[in-house]
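The values are calculated or read from the model by the stated rules, or taken from the named source; none is laboratory data. Remember, predicted model here, so these are calculated numbers, not experimental data. Cβ atoms come from the backbone with ideal geometry, glycine included; neighbour counts cover every protein chain shown.
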Amino acid sequence: MDKQQFQQDLIGWFQKEQRDLPWRRTADPYQIWISEVMLQQTRVDTVIPYYKRFVEKFPTVESLAGAEEESLLKLWEGLGYYSRARNLQAGVREVAEQYGGIVPSTRKEISSLKGVGPYTAGAVLSIAYGVPEHAVDGNVMRVLSRILLIDEDIAKPKTRKVFEQAVTELISHEDPSSFNQGLMELGALICTPTSPKCLLCPVRDHCSAFHEGKETELPVKTKAKKTRVANFAMAAIRSGDKILMEQRPAKGLLAGMWQYPMLELTAPLEVDKVGELYAETLNGSLMDIEKITAFKHVFSHLTWNVEGYLAKAEEFTPPSNMKWVTPEQLEQLPIAGPGQKMKTALEQRGDGAK
C-alpha cells in the first residue's frame with residue numbers, strides 16, 4: 001500500500017464529505033469525551049439531542065463533577081447503558097481533582113481515568129489534541145479488515161491489538177484527527193456491515209478485499225451467544241394523586257434508576273394473582289387491578305418480557321427502596337427504558353403524570 005496516498009485519499013474525502021455533527025464543532029477534549037461515551041453502542045441520530053442538552057447543562061468539567069447523580073441520570077434517561085454516565089462523571093471528577101480540570105493529553109494519564117478505555121483515549125487524544133494515537137472501534141475494524149484483508153475474528157478481544165497496530169502504522173502524523181475520524185466516517189457511511197458502497201469509496205484503490213472480491217466476506221465475526229429471557233410483572237400503584245415508585249439496586253443492570261414496582265415471574269401470572277404476589281413484597285394490599293400493557297425490552301445480553309398492571313391502594317409505608325411520589329416528583333425521577341414504556345402506556349390511558 002502507498003501509505004501516504006491512502007492518508008491523502010481518506011483525509012481529503014473526510015474533510016469534504018463529513019457530516020456536520022455538533023461534537024465536530026469543538027476542540028474541547030471534555031466535550032469530545034462526552035460525545036465518544038454517548039456514541040458507544042448508540043446511533044448518531046439518537047445521540048445528537050442528548051449531547052446538546054448535556055453540554056448545555058454541564059458545559060465544563062467542574063459543572064459535571066459537582067452534579068447530583070440523580071440529575072445526571074435524568075439527563076441520560078432513555079440513552080441506555082447508564083453505567084456509562086456514572087463512569088463518565090467519576091472520570092471527570094478525577095480530572096477536576098487530579099489534573100486541575102484539564103483532560104490529560106497522554107495515553108497513560110487519560111487511560112487511568114474511570115471508564116476511559118483504549119478507544120475513547122485514542123479518540124480524545126487524536127481529535128482534541130492532534131496526537132497520532134489509534135482509536136479502534138467496530139467501524140474501524142470492519143474498514144481495515146477489508147482494506148488490509150485481515151481475517152482475524154473481530155469478536156475476540158485479542159484481535160483488537162492487530163488493528164491497533166495497523167492504525168499506528170497507517171495514521172497520519174500531520175492530521176491524526178481527520179485520519180481517525182475518516183476511518184470512523186467511512187465505516188458509518190460507505191464501508192457498512194452489509195452491502196458496502198465500494199463504487200463510492202474514496203480508498204477503493206487501496207482495498208485488498210475489493211480487488212479480490214471478498215468485501216462481503218469480511219470482517220470475520222463469530223455470533224454472540226443467545227440472549228437470556230426473563231419475565232416480569234410491573235405495577236403502577238396509585239393512592240390518590242400519588243404513585244408508588246421503586247429504585248433499583250445501586251449496582252447491576254439499570255443501577256439506581258427508578259421504575260414502577262417490578263417482580264420477576266417464574267410462571268405466567270393471572271390478573272387475580274397479581275395482588276397476592278405484590279402483597280408479599282409491599283407493606284400493603286392492592287385493589288382494582290387490571291392489565292394495561294405488555295412489552296419486550298431488549299438489552300445487549302438479555303430480553304425482558306413485561307406484563308404491565310394498573311392498581312389502587314390505600315397509602316401505606318412502602319419498603320425502603322420505594323416511595324410515594326406526586327406527578328411533579330415523578331417527572332424529576334430518572335426512569336429507564338422499561339419504566340418509560342409503562343409510563344407511556346399510562347399516559348395513553350390518561351393515567352400518566354400531568
Practice prompt. Would you mind listing the helices (runs of 4 or more DSSP H) fully within the stretch 145-215 where at least 1 residues are closer than 24 Å to Ser126 by Cβ and over 27 Å from the mean Cα position of the chain (by Cα)?
Written response: 160-170
Worksheet entry | Hey, Lys296 in contact with a helix residue (DSSP H, G or I) (Cβ under 8 Å, 6 or more places away or on another chain) and not small (Gly, Ala, Ser) or not | no
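Yes/no per residue for (1) in the same structural domain as Thr317 (by TED's automatic domain parsing); (2) modelled with pLDDT under 95; (3) in contact with a Cys (Cβ under 7 Å, 6 or more places away or on another chain):
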position	(1), (2), (3)
Gln181	no, no, no
Lys197	no, no, no
Lys223	no, yes, no
Leu244	yes, no, no
Worksheet, complete the sentence: Pairing a residue in the stretch 65-81 that is assigned by TED's automatic domain parsing to the domain that holds Trp33 and farther than 14 Å from Gln247 by Cβ with any residue that is crowded, with 16+ Cβ neighbours inside 10 Å and of a type in the set (A, V, I, L, M, F, W, C), where Cβ atoms lie under 6 Å and the two sit 6 or more apart in sequence or on different chains, gives Ala65/Val92; Ala65/Ala96; Leu72/Ala85; Leu75/Phe54; Trp76/Ala85
Item to complete: Name the residue, out of Val55, Val37, that is assigned by TED's automatic domain parsing to the domain that holds Val140 and either within 14 Å of the chain's Cα centre (by Cα) or not in a helix (DSSP H, G or I) (or both).
Response: Val37
Item to complete: Determine, yes or no, whether Asp151 is farther than 26 Å from Val116 by Cα, in the same structural domain as Pro104 (by TED's automatic domain parsing) and touching a strand residue (DSSP E or B) at 6+ places or on another chain (Cβ under 7 Å).
Response: yes
Discussion item. Quick check on the stretch 139-148. Is at least one of its residues free of Cβ contacts under 8 Å to residues at least 40 places away in the same chain and farther than 26 Å from Ile102 by Cα?
Written reply: yes
Discussion item. Checking Glu109 against (1) touching a residue at least 24 places away in the same chain (Cβ under 8 Å); (2) of a type outside the set (Lys, Arg); (3) assigned to a helix (DSSP H, G or I): exactly one of these is not met. Which one?
Written reply: (1)
Worksheet item: How about the stretch 68-98: which of its residues are surrounded by fewer than 20 Cβ atoms within 10 Å (Cβ to Cβ), among the small types (Gly, Ala, Ser) and part of a helix (DSSP H, G or I)?
Response: Ser71, Ser83, Ala90, Ala96
Worksheet entry | Single unsatisfied condition, Gly240 versus (1) at positive phi; (2) in the same structural domain as Leu73 (by TED's automatic domain parsing) | (2)
Worksheet item: Quick check: is even one residue across the stretch 209-231 under 30 Å from Pro327 (Cα atoms), of a type outside the set (A, V, I, L, M, F, W, C) and surrounded by 11 or more Cβ atoms within 10 Å (Cβ to Cβ)?
Response: yes
Discussion item. Residues that are closer than 27 Å to Arg228 by Cα and free of Cβ contacts under 8 Å to residues at least 40 places away in the same chain: list the strands (runs of 3 or more DSSP E) wholly contained in the stretch 255-354 that include at least 2 such residues.
Written reply: 262-265, 287-298
